[in-house]
Amino acid sequence: MTPKTEPWYEYTMNETKTRHRMQLADIRFCQFQAYADPTKKEEITEELKHLPSAHTDADDNIRESHVDMLRANMLRIMGPAREYQAYMNELFSKCIRGLEDSISWNDTSSL
């Protein structure tokens with residue numbers, strides 16, 4: 001049997017959870033900005049997506065939209081970085097294939 005809590009206590013706890021959630025999101029966003037590695041940035045972006053909320057889904061609470069805006073900024077930044085990483089990986093693979101083949105005249109451009 002779960003005891004019934006007072007409304008003021010529930011409100012205070014939800015506000016505390018919201019404040020901590022937003023502070024954690026701010027910390028993770030600062031870390032996101034500090035990393036150059038797209039893989040690490042993607043991990044942080046996903047972590048923010050699954051950050052627990054103090055409010056239920058039906059409780060369309062605008063107080064926590066700050067967290068969603070940080071994640072939106074991360075996704076905007078990561079879009080080009082993902083493409084860049086994929087492009088650079090393909091380019092690197094192409095250069096390696098050029099060096100590993102039996103044709104020697106094209107090795108200079110692969111270096």
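Summary of values
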quantity: Pair list, Cβ < 6 Å and 6+ apart or interchain, from the stretch 28-49 residues that are more than 15 Å from MET69 (Cα to Cα) to residues that are surrounded by 14 or more Cβ atoms within 10 Å (Cβ to Cβ) and of a type in the set (Lys, Arg); calculated: TYR35/LYS41
quantity: Condition broken by MET78, with the remaining ones in (1) at pLDDT below 80; (2) under 13 Å from the mean Cα position of the chain (by Cα) satisfied; calculated: (1)
quantity: Cβ pairs under 9 Å, 6+ apart, first in the stretch 1-26 and among the acidic types (Asp, Glu), second in a loop (DSSP other than H, G, I, E, B) and at pLDDT below 85; calculated: GLU15/ALA54
quantity: Single residue of SER53, SER65 found to be at pLDDT 65 or above, under 20 Å from HIS20 (Cα atoms), small (Gly, Ala, Ser) and surrounded by fewer than 13 Cβ atoms within 10 Å (Cβ to Cβ); calculated: SER65
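The values are calculated or read from the model by the stated rules, or taken from the named source; none is laboratory data. Given the structure is predicted, the values throughout are model-derived calculations rather than measurements. Cβ coordinates were reconstructed from backbone atoms using ideal geometry, including for glycine residues, and neighbour counts include every protein chain displayed.
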